[in-house]
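J.: Let me give you the structure first, and then I'll get to my questions.
Computed from the coordinates by the stated procedures, all read-outs in this text should not be read as laboratory data. As the structure is a prediction and not an experimental result, all values here were calculated from the model. With ideal geometry, Cβ positions are generated from the backbone for all residues, glycine too; neighbour counts draw on all protein chains shown.
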């Protein structure tokens with residue numbers, strides 16, 4: 001009998017989505033435990049004492065696995081099913097390289113650009129975000145998804161762009177990934193969110209809009225406070 | 001560097017900086033696998049064409065060039081080496097998926113929490129800032145001490161009987177702990193506070209991997225002095241890669 005799999009997550013998080021979509025692609029049943037990150041549970045704090053963040057994967061009796069991209073690699077290695085990372089070592093190295101790039105160079109400037117009040121500071125992040133997204137855009141030439149015809153590791157790494165793109169544009173009034181500038185990324189985002197397995201674990205758009213609209217002030221406060229320390 | 005291996009390595013070049021922990025760990029991985037390669041030391045102040053062409057995105061070392069194809073990001077390079085030469089020499093990552101995830105987790109922790117903290121000690125503008133960075137460093141070491149207890153399971157290294165991924169990632173930073181002690185009197189891994197790691201440091205230093213790859217601490221000290229005179233505008237990334 002298969003060991004139970006639990007995923008500790010939170011609503012609307014692209015990081016949690018990475019783990020969910022990976023489990024679904026492998027056909028692994030799991031229990032999703034949703035956290036309120038303003039009031040973290042004892043379960044979460046016990047299983048991720050270092051970072052205190054989601055997602056956290058619990059597989060049978062094993063100690064928890066943390067960090068979303070590491071969870072995706074674990075799922076790929078621990079379970080049978082279609083491969084999530086490319087088979088060829090060079091392609092795998094490329095996927096890991098670009099995933100790191102997204103984490104270090106795209107996620108932060110994108111987030112800061114969306115929420116900063118100071119126009120001048122925001123412009124700096126907008127410029128950085130767009131420069132880096134242009135590099136990502138170039139990875140999509142001639143391909144439907146980052147590794148080819150099916151979704152995989154690098155699509156999951158970039159999923160934040162697909163999942164919250166349109167939603168955050170609506171909530172903030174700021175569109176960072178315009179169709180003219182980034183036609184391939186826009187097309188990829190549509191293809192990604194309409195992919196069968198991805199779609200099955202995505203909440204309805206209106207719920208995501210409501211969720212981020214509700215958190216808007218709190219996010220702005222946190223981001224602007226962080227910017228003051230930079 | 002002479003070709004040491006009987007295995008078909010193809011052509012391997014490594015663009016690096018002798019004292020960079022990111023480069024040292026890749027050289028350790030190559031050493032473990034018994035792979036010969038051409039090592040090309042880079043001048044990070046005046047970056048050469050080969051580096052700029054091979055790593056146009058980050059313009060950083062290390063870059064492994066295998067049969068003309070560049071691979072960047074030290075952790076991605078180590079896993080690449082482990083996968084391509086899976087049949088050669090010891091495994092760098094363990095076989096069990098959970099143990100692999102655990103090794104990767106702590107390697108990422110060592111790079112994202114420990115490394116910036118001790119680099120911060122070197123670059124602190126005020127004594128206050130230095131004290132803060134020392135605290136951050138010791139806190140991270142505390143977590144790694146606990147991790148050693150769990151990962152090693154009573155064995156000499158994080159990976160067990162012999163060195164592996166996490167040993168190399170943390171081991172590649174040790175040279176700078178020595179430099180920090182020499183230059184600032186800061187002891188990063190103190191026997192009283194981190195006894196397991198202190199013992200591991202001694203054992204790691206005695207491995208062939210460490211002996212063949214890690215440069216003398218004076219090389220690091222000299223490089224730091226060179227960096228200090230070029231300080232203006234340097235970021236963590238620019239310092240060591």
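J.: Quick check on region A:125-143: of everything there that is away from every other protein chain (no Cβ under 14 Å) and in contact (Cβ under 8 Å) with a residue 40 or more places away in the chain, which residue is nearest to the chain's Cα centre (by Cα)? Step through it out loud before you land on a result.
T.: So in region A:125-143, the residues away from every other protein chain (no Cβ under 14 Å) come out as A:125-127, A:129-130, A:140-143.
Those still in the list that are in contact (Cβ under 8 Å) with a residue 40 or more places away in the chain too: A:126, A:129-130, A:140-141.
Working: A:126: 19, A:129: 16, A:130: 18, A:140: 18, A:141: 22 Å.
Out of the qualifying residues, it is A:129.
J.: If I ask for residues that are over 17 Å from the mean Cα position of the chain (by Cα) and surrounded by fewer than 24 Cβ atoms within 10 Å (Cβ to Cβ), which ones from region A:52-67 would you list?
T.: If the condition is that a residue be over 17 Å from the mean Cα position of the chain (by Cα) and surrounded by fewer than 24 Cβ atoms within 10 Å (Cβ to Cβ), then A:52, A:58, A:60, A:61, A:62, A:63, A:64 are the ones that fit.
J.: Search region A:144-174 for residues being in contact (Cβ under 8 Å) with a residue 24 or more places away in the chain and assigned to a loop (DSSP other than H, G, I, E, B), and hand back the single one that is nearest to residue A:197 (Cα to Cα). Working first, answer last.
T.: Just the residues of region A:144-174 that are in contact (Cβ under 8 Å) with a residue 24 or more places away in the chain, to begin with: A:144-147, A:150-168, A:170-172, A:174.
After this cut, where a residue has to be assigned to a loop (DSSP other than H, G, I, E, B) as well, the list is A:144, A:146-147, A:150-152, A:158, A:174.
Details: A:144: 16, A:146: 16, A:147: 17, A:150: 11, A:151: 9, A:152: 11, A:158: 16, A:174: 29 Å.
Ranking the qualifying residues of region A:144-174, first place goes to A:151.
One line per residue, one yes/no per condition, for (1) within 11 Å of another protein chain (Cβ to nearest Cβ); (2) under 19 Å from residue B:172 (Cα atoms); (3) in a loop (DSSP other than H, G, I, E, B):
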residue: B:77; (1), (2), (3): yes, yes, no
residue: B:91; (1), (2), (3): no, yes, yes
residue: B:120; (1), (2), (3): no, yes, no
residue: B:129; (1), (2), (3): no, no, no
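J.: Looking only at residues that are more than 13 Å from every other protein chain (Cβ to nearest Cβ) and either more than 15 Å from the chain's Cα centre (by Cα) or assigned to a loop (DSSP other than H, G, I, E, B) (or both) in region A:95-119, which one is nearest to residue A:50 (Cα to Cα)?
T.: This residue is A:112.
J.: Return only the number of the condition from (1) over 17 Å from the mean Cα position of the chain (by Cα); (2) within 13 Å of chain A (Cβ to nearest Cβ); (3) within 19 Å of residue B:170 (Cα to Cα) that residue B:134 does not satisfy.
T.: (2) is the only condition that residue B:134 fails.
J.: Among what's in region B:61-75 and is part of a loop (DSSP other than H, G, I, E, B) and within 15 Å of the chain's Cα centre (by Cα), pick the residue that is nearest to the other protein chains (Cβ to nearest Cβ).
T.: Keep residues of region B:61-75 that are part of a loop (DSSP other than H, G, I, E, B), which gives B:61-62, B:67-68, B:73.
Now drop any that are not within 15 Å of the chain's Cα centre (by Cα), which leaves B:61-62, B:73.
Working: B:61: 14, B:62: 12, B:73: 5 Å.
Step by step, filter region B:61-75, then rank; the result is B:73.
J.: When you go through (1) away from chain A (no Cβ under 12 Å); (2) in a helix (DSSP H, G or I); (3) surrounded by fewer than 23 Cβ atoms within 10 Å (Cβ to Cβ) one by one for residue B:13, which number turns out not to apply?
T.: (2)
J.: Looking at the structure I just gave you, is residue B:111 within 11 Å of chain A (Cβ to nearest Cβ) and touching a residue at least 40 places away in the same chain (Cβ under 8 Å)? Quick ask: steps written out before the conclusion?
T.: Details: within 11 Å of chain A (Cβ to nearest Cβ): yes; touching a residue at least 40 places away in the same chain (Cβ under 8 Å): yes.
Yes.
J.: Looking only at region A:60-87, count how many residues are out of contact with any helix residue (DSSP H, G or I) (no Cβ under 9 Å at 6 or more places or on another chain) and either within 9 Å of chain B (Cβ to nearest Cβ) or touching a residue at least 24 places away in the same chain (Cβ under 8 Å) (or both).
T.: Let us first name the residues in region A:60-87 that are out of contact with any helix residue (DSSP H, G or I) (no Cβ under 9 Å at 6 or more places or on another chain), namely A:60-61, A:80, A:87.
The next check asks that each one be either within 9 Å of chain B (Cβ to nearest Cβ) or touching a residue at least 24 places away in the same chain (Cβ under 8 Å) (or both); those that pass are A:60-61, A:80.
Adding up the residues that qualify gives 3.
J.: Of the residues A:92, A:122, only one is over 17 Å from the mean Cα position of the chain (by Cα), more than 14 Å from chain B (Cβ to nearest Cβ) and assigned to a helix (DSSP H, G or I); which?
T.: Values: A:92 fails: more than 14 Å from chain B (Cβ to nearest Cβ).
Exactly one of A:92, A:122 is over 17 Å from the mean Cα position of the chain (by Cα), more than 14 Å from chain B (Cβ to nearest Cβ) and assigned to a helix (DSSP H, G or I), namely A:122.
J.: Still on this structure: If you go through region A:177-222, how many residues are touching a residue at least 60 places away in the same chain (Cβ under 8 Å) and over 26 Å from residue A:155 (Cα atoms)?
T.: Result for region A:177-222: 1.
J.: Can you tell me how many residues in region B:169-194 are farther than 18 Å from residue B:135 by Cα and surrounded by fewer than 21 Cβ atoms within 10 Å (Cβ to Cβ)?
T.: The total comes to 1.
J.: Further question: When you scan region A:44-53, do you find a residue that is within 30 Å of residue B:142 (Cα to Cα), more than 14 Å from every other protein chain (Cβ to nearest Cβ) and touching a strand residue (DSSP E or B) at 6+ places or on another chain (Cβ under 8 Å), even just one? Can you show your working first?
T.: From region A:44-53, those within 30 Å of residue B:142 (Cα to Cα) are A:44-53; that's our starting set.
Now restrict to residues that are more than 14 Å from every other protein chain (Cβ to nearest Cβ): A:44-46.
From the residues that got through so far, the ones that are touching a strand residue (DSSP E or B) at 6+ places or on another chain (Cβ under 8 Å) too are A:44.
Yes, region A:44-53 contains at least one residue that is within 30 Å of residue B:142 (Cα to Cα), more than 14 Å from every other protein chain (Cβ to nearest Cβ) and touching a strand residue (DSSP E or B) at 6+ places or on another chain (Cβ under 8 Å).
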